[in-house]
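The values are calculated or read from the model by the stated rules, or taken from the named source; none is laboratory data. These figures come from a predicted structure and were not determined experimentally. Don't worry about glycine lacking a Cβ; one is built from the backbone with ideal geometry, like all the others, and counts go over all protein chains shown. The accessibility values were calculated without ligands, DNA or RNA, using every heavy atom of the protein model including side chains. Shrake-Rupley method; radii C 1.70, N 1.55, O 1.52, S 1.80 Å.
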Amino acid sequence: MSARTPLGRTAYKNSRTSPASAAGTAGSGATVSRKRTVNSGLHSVQPKRFLARLRYQLLFGLPVGVICPTIVYNLPHLSDAASQPSSVWTFVGTLLAFLASLYLFRRVATFPGVGVLGHVLPTSVASYGTIVAVFFAFRFDYSRLTFLASFGGTVMFLFLVGGYLRRSQGQRFYLVPSPATQTLLADPSTQWMVLSEPVLPQDPYAVFIADLRADLGDAWERLIAEAAVAGFPVYHVKQISESLTGRVEIEHLSENSFGSLVPNLSYRSVKRLVDLASALLALPLILVLGLIVGIVIKLESPGPMLFRQRRRGYRGEVFEVIKFRTMTHRPDSAEDSKDQAITVVRDARITRFGQFLRRTRIDELPQIWNIIRGEMSWIGPRPEALQLSDWYAAELPFYTYRHIVRPGITGWAQVNQGHVAELDAVNEKLHYDFYYIKNFSASLDLLILGKTFMTVLTGFGAK
């Protein structure tokens, strides 16, 4: 089962629900995790939130994000708008961008790291940015102002939907008692209902969490079977823990939803084609930008424009990564030790312009050549310097498993944790890398892309 499902279309965390209100709506045989006991018997169930339904989101969202901006743009020549190529492409583009934003909002809101509202801008920026990039590459005629108005309307609508879902009654999760499920109670933002007896609660929207690998006893096993047969979702505690934290515990290698250690092979092939096509399209623009950046680097400090370093990447193969140089050039200490390969916060070797390049991630752009060569991807675990990679592999179990996918310019660990180098922090970073590998998908890649754009544009967030 996928870790994303239980927190998806029917479940939105609600941090504002009081223990008393939770106790007042629970079913029989449950105890609220906040130590309040629920009386037996039939109680009121949570109301159905109409804005959580896709049809209502389309009904109200399409006029705000697509129809109104298109009508305003075509108002002077509304009668013959259908015959104007720019009008047609504008409508098609805004429609696709809105649908993609809504789809990603509904899907990636299940990924942890930020709340429902925090996903609005990254998903919208990724969706509209992708459509605009395609239109630009193929020279489709469209209205930029209409796209901007559509983007604003979509963001406003999704913020309203997200706010509504946060204020509405949250999903209740019923825990089958065991040592593993008890660990979930540390998260106060979710309504945990600890079952006190093996009886189905009178809640038609109940979601059951159990340690399916533990010996729970016949009565609890019978309850789990009855819940599944009755149509209630039943999830393994490990999947829920990963959905809440965005990390995979690595006491053992963790299989994906298909029961395999190998990531989604079909998506890996599609991802490679998208990487190559987008890199080739972006190459002319990056060459022009690179020329300007290179001149500034040469004027600020002596040394080469580019920095080259051997790193370990896909399937453990060694390759040479290319970046804009952001530090003072010291040819006598290029790659002598792992200590010199570590970059610390406020490193004295970083130049003033180098600080800007690192903050905006412009220093990573020359790696487009590594993407074209197939050594890297736009999104994936960051490749480490060869000395560091060998050190980490010797000290950390399962470290080499992160090489099962192509390394990336940005990744899930980067947008959640940022740059790390110390052994303990790298071990923590592995939890994020393994979560990305386990949930390897286009939805997660687009979320990472959107969050990366927000970090570059605002300067805030992990790097």
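Side notes on the structure shown:
- Over 20 Å between alpha carbons, listed pairs LYS238/LYS438; LYS298/LYS451; LYS323/LYS438; LYS238/LYS429; LYS323/LYS429: LYS298/LYS451; LYS323/LYS438; LYS323/LYS429
- The H on the amide N of GLU384, modeled in the peptide plane, is under 5 Å from the matching H of ARG312, each at least 5 residues off or on a different chain.
- Percent accessible area from carbon and sulfur atoms, the stretch 388-457, protein chains only, probe 1.4 Å: 57 percent
- In the context of the full set of protein chains, residues of the stretch 352-418 present 34 Å² of accessible surface per residue (probe radius 1.4 Å, heavy atoms only).
- Along the stretch 56-71 the Karplus relation, 6.51 cos²θ - 1.76 cosθ + 1.60 evaluated at θ = phi - 60°, assigns HN-Hα couplings of 6, 5, 5, 4, 8, x, 4, x, 6, x, 10, 5, 4, x, 5, 5 Hz to successive residues, with x for each Gly and Pro.
- Our coupling estimate for the stretch 356-364, obtained by passing each phi through the Karplus curve with A = 6.51, B = -1.76, C = 1.60 and θ = phi - 60°, is 5, 4, 6, 5, 8, 6, 5, 4, 7 Hz, Gly and Pro reported as x.
- Global form of the stretch 259-322, assessed from the alpha-carbon gyration tensor, a/c cut-off 1.5: oblate
- The packing ranking, built from the mean of other Cβ atoms within 10 Å per residue, places the peptides 230-237, 434-441 in the order 434-441, 230-237, highest first.
- Here the peptides 86-92, 293-299 are ranked by packing, the mean other Cβ count within 10 Å, and the order with the highest first is 86-92, 293-299.
- For the stretch 432-446, backbone phi angles converted through the Karplus equation (6.51, -1.76, 1.60; θ = phi - 60°) give residue-by-residue couplings of 6, 4, 6, 5, 4, 5, 5, 9, 3, 6, 5, 4, 5, 4, 5 Hz, Gly and Pro being listed as x.
- Cα gyration tensor shape for the stretch 144-221, rounded if a/c is under 1.5, else prolate or oblate: prolate
- Amide H contacts of TYR174: MET193, VAL207, PHE208, ILE209, each under 5 Å away and 5 or more positions distant or on a separate chain (H built 1.01 Å from N in the peptide plane; Pro and chain starts excluded).
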